[in-house]
Amino acid sequence: MTHVLLDANAIGVDPPLGKIEHRVLLDAHRSDGIVLVVPHLALREAVGSWQRSLMSQYAKLRDTRQKLAKLAPSYKLSLPVLDHAQAAEDLLTELSQALEAANVRMPGTPSADHEDLIDRAIKRRQPFDKNGSGYRDALLWQIAREVADGGSEVLLVSNDPAAFAQDRKGGMPLASSLADEISGEGSVKLVPEIKAVIAELGLVAPEALAAAEAVIERLGDDFGEQLLDRLETELIHPIHTWITKEIINPFLASEASLGVPAKLLSATVEEARRGDNGAIEATIHLKVRQPISVYLPTPASEQFEGIGTIQPLDDLIDGVEFDGLVEHRCRVVLDPMTDRLLSAEALEATAASLAP
């Protein structure tokens, strides 16, 4: 069975393992279509990058607060305490537990032949780069090689050509010097991104996508009514934040709920696949017209522009309800035989804007 092994850059940082492509891989792993491999060292590296991004954004927020304090010294502007180290530790624990619960393979740090690593670094042999850096990449390659030596086909998902690609160039296959190191019957193929894995393995079947679109077309307005009814409770969130600079900044929605009067404007199938029972599992981009609460900046809060996730301050920002357009990404299960919507869940709110 194909093993899909993720490098830290494939795990991502915004947030780690948070894109829909990761969900597709996880679904395929759960249905025994692939074996998903997330090395612990790659997960730690991704969370470390996330932590640095968090610290950078917090520093920008702190600088903005200082500027605001000079402009409006009579206001008491306090920042929440952010323990970035604890936040990173909590995130790493949460992700590790979620992966373990899904039985994702999570290899630990391999036993390294340090003499070989030193020799590789000195001679600038891949996975080390031309400066001799690449210790973590070398350990990741050892994990990939061990899986392949066990007889498995490995898709190494990494956009680090300096470490793994032929001639150290993007778009090139796995370096031949690395491929020659595999001693078993397996193989390692370098893939630059998860989308390429999904396409190569056919994890989202074109016929499933067409079938999902056909069900929605047959049901017409009934599909929208069914979906809204199923999602009424799932789409109630305590806080969702959107930044829409073209309309208003900051644009902070305190709650998005399809439990209020709403009109479905469109339901676009993003991805779909057939489950083992024949049902269609699809990701739907849902656009709904509904009332939304937003916070308009007063003159004293104009310096908040561009920050993003600032919580509304009572003295600075006023709340107003508008007629709005809200976009949600939803996971649904459709029965193509009976046109029934078997289940639905909200994945995330993706955008909000004022209705024309």
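For the range 3-201, dividing the convex hull volume of the Cα atoms by the residue count gives 155 Å³ per residue.
Scanning residues 5 or more positions from S187 or on other chains, those with amide H under 5 Å from its amide H are S152, E153, V154, with H placed 1.01 Å from N in the peptide plane. Across all directions of projection, what mean area in square nanometres is found for the Cα convex hull of the range 1-41? So the Cα hull casts an average projection of 2.8 nm². Charge tally for A279 (other residues, Cβ to Cβ under 14 Å; Lys, Arg +1; Asp, Glu -1): -2. Among 143-149, 67-73, sorting by the average number of other beta carbon atoms lying within 10 angstrom of each residue, highest first, gives 143-149, 67-73. A cut-off of 5 Å between modelled amide H atoms, ignoring neighbours fewer than 5 places along the same chain, links L342 with V333, L334, D335. Extents of the range 142-224, taken as max minus min of Cα coordinates on every principal axis and listed largest first, are 57, 28, 16 Å. Distance between the pseudo-spin-label points of Q66 and D222 (7 Å out from Cα toward the beta carbon): 6.3 nm. By DSSP, the beta bridges lying fully in the range 3-201 are antiparallel in about 5 percent of cases. I'd like the distance separating the alpha-carbon centroids of the range 1-68 and the range 186-206, in whole Å. Each part reduced to its Cα centre gives a spacing of 19 Å.
Which FRET efficiency value, to the nearest 0.05, do you get for S176 and K19 by plugging their Cβ-Cβ distance into 1/(1 + (r/R0)^6) with R0 = 41 Å? Computed FRET efficiency for S176 and K19 comes out at 0.85.
Can you tell me the equivalent ellipsoid semi-axes for the range 79-161? Use √(5λ) from the Cα gyration tensor, largest first, whole Å.
They are 29, 21, 11 Å, listed from largest to smallest.
For an R0 of 45 angstrom, estimate the FRET efficiency from the Cβ-Cβ distance between S111 and S56 and round to the nearest 0.05.
0.80
Using θ = phi - 60° in the Karplus curve 6.51 cos²θ - 1.76 cosθ + 1.60, the 3J(HN,Hα) couplings for the range 96-113 round to 4, 5, 5, 5, 5, 5, 8, 6, 6, 6, 10, x, x, 5, x, 6, 9, 8 Hz; x is entered for Gly and Pro. Summing charges over neighbours of P173, with a neighbour being any other residue whose Cβ is under 11 Å away from its Cβ, gives +1 when K and R count +1 and D and E count -1. Stretched out straight at 0.36 nm per residue, the stretch from Q86 to H285 would grow longer than its current Cα-Cα span by 68.2 nm.
FYI, it's all coordinate maths here, none of it is from the lab. The shown structure was predicted, so the numbers you read here are calculated from the model rather than taken from an experiment. As a convention, Cβ positions derive from the backbone with ideal geometry for all residues, glycine included, and neighbour counts pool all protein chains shown.
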